[in-house]
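A.B. asks: Below: one structure in structure tokens.
The values are calculated or read from the model by the stated rules, or taken from the named source; none is laboratory data. Being a predicted model, the structure only gives us computed values, none of them experimental. As a convention, Cβ positions derive from the backbone with ideal geometry for all residues, glycine included, and neighbour counts pool all protein chains shown. Accessible surface is based on the protein model in full, side chains and every heavy atom, while ligands, DNA and RNA are left aside. Shrake-Rupley method; radii C 1.70, N 1.55, O 1.52, S 1.80 Å.
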Amino acid sequence: KTCYTGEGVILGVIDWGLDLTHPAFKGEDGNSRIDRVWIQDSSGTPPGGFSYGAEYRGDAICSQRYTSTNYHGTHVTGIAAGRGVGASLQYQGVAPKARIVFVELGDDETKLADAVKYIFDYADSVNMPAVINLSLGLQYGPHDGTSYVDRIIDSLSGPGKIIVGSV
């Protein structure tokens with residue numbers, strides 16, 4: 001039996017509301033597995049290559065507890081990459097050893113394409129494959145692959161760059 005844990009993989013989550021200090025997002029060593037956070041509709045220092053939002057890295061990630069008061073991102077990230085809590089580590093996510101990059105989505109569909117690019121660019125910079133989860137419940141475009149966002153996402157994905165969507 002092969003057991004996949006997400007080790008050596010970036011899990012990107014594009015959503016709203018992540019508890020940055022939740023114990024399920026810590027590694028065996030007790031350190032956070034959240035590598036990057038980009039809050040697109042916040043003021044601050046944007047990530048390289050972008051002119052908006054606030055990016056958090058390293059210790060700055062834990063300088064605040066939540067990205068917003070919507071906690072859907074915590075729920076989704078826990079299912080995908082939660083390590084479990086307590087002595088038994090019960091209720092682990094699918095990939096409990098994955099590194100996490102979270103983007104709190106802004107207010108328009110072009111920001112969705114930017115979020116995908118941001119996560120894949122980070123994964124490239126650390127030489128790791130990436131899987132991005134989109135559980136947004138949004139209805140951008142016709143869902144037939146012809147919209148601007150669909151075409152951009154198609155051009156960004158490929159080997160080692162996978163997008164999983166739920167509507």
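A.B. asks: Out of 12, 6, which single residue is part of a loop (DSSP other than H, G, I, E, B) and either within 20 Å of residue 123 (Cβ to Cβ) or without any contact (Cβ under 8 Å) to a residue 60 or more places away in the chain (or both)?
C.D. replies: Sole residue among the options that is part of a loop (DSSP other than H, G, I, E, B) and either within 20 Å of residue 123 (Cβ to Cβ) or without any contact (Cβ under 8 Å) to a residue 60 or more places away in the chain (or both): 6.
A.B. asks: Scan the strands (runs of 3 or more DSSP E) fully inside region 49-167 and keep the ones with 1 or more residues being open to solvent by less than 50 Å² (accessible area, probe 1.4 Å), without any contact (Cβ under 8 Å) to a residue 60 or more places away in the chain and not aromatic (Phe, Trp, Tyr).
C.D. replies: Correct list: 54-57, 161-166.
A.B. asks: Here is a list: 116, 131. Which entry is farther than 20 Å from residue 32 by Cα, β-branched (Val, Ile, Thr) and under 14 Å from the mean Cα position of the chain (by Cα)?
C.D. replies: Every option except 116 fails the conditions.
A.B. asks: Right, here's the next one. Evaluate the following for residue 41: is it of a type in the set (D, E, K, R) and over 23 Å from residue 89 (Cβ atoms)?
C.D. replies: Spelling it out, residue 41 is indeed of a type in the set (D, E, K, R) and over 23 Å from residue 89 (Cβ atoms).
A.B. asks: Taking residue 36, is it open to solvent by 30 Å² or more (accessible area, probe 1.4 Å) and either more than 12 Å from the chain's Cα centre (by Cα) or on the phi > 0 side of the Ramachandran plot (or both)?
C.D. replies: For residue 36, the condition - open to solvent by 30 Å² or more (accessible area, probe 1.4 Å) and either more than 12 Å from the chain's Cα centre (by Cα) or on the phi > 0 side of the Ramachandran plot (or both) - is not met.
A.B. asks: Does residue 11 satisfy the criteria of being open to solvent by less than 10 Å² (accessible area, probe 1.4 Å) and either of a type outside the set (S, T, N, Q) or more than 19 Å from residue 162 (Cβ to Cβ) (or both)?
C.D. replies: Criteria not met by residue 11.
A.B. asks: OK, next. Scan region 15-26 residue by residue and report those that are open to solvent by 10 Å² or more (accessible area, probe 1.4 Å) and part of a loop (DSSP other than H, G, I, E, B).
C.D. replies: If the condition is that a residue be open to solvent by 10 Å² or more (accessible area, probe 1.4 Å) and part of a loop (DSSP other than H, G, I, E, B), then 16, 21, 22 are the ones that fit.
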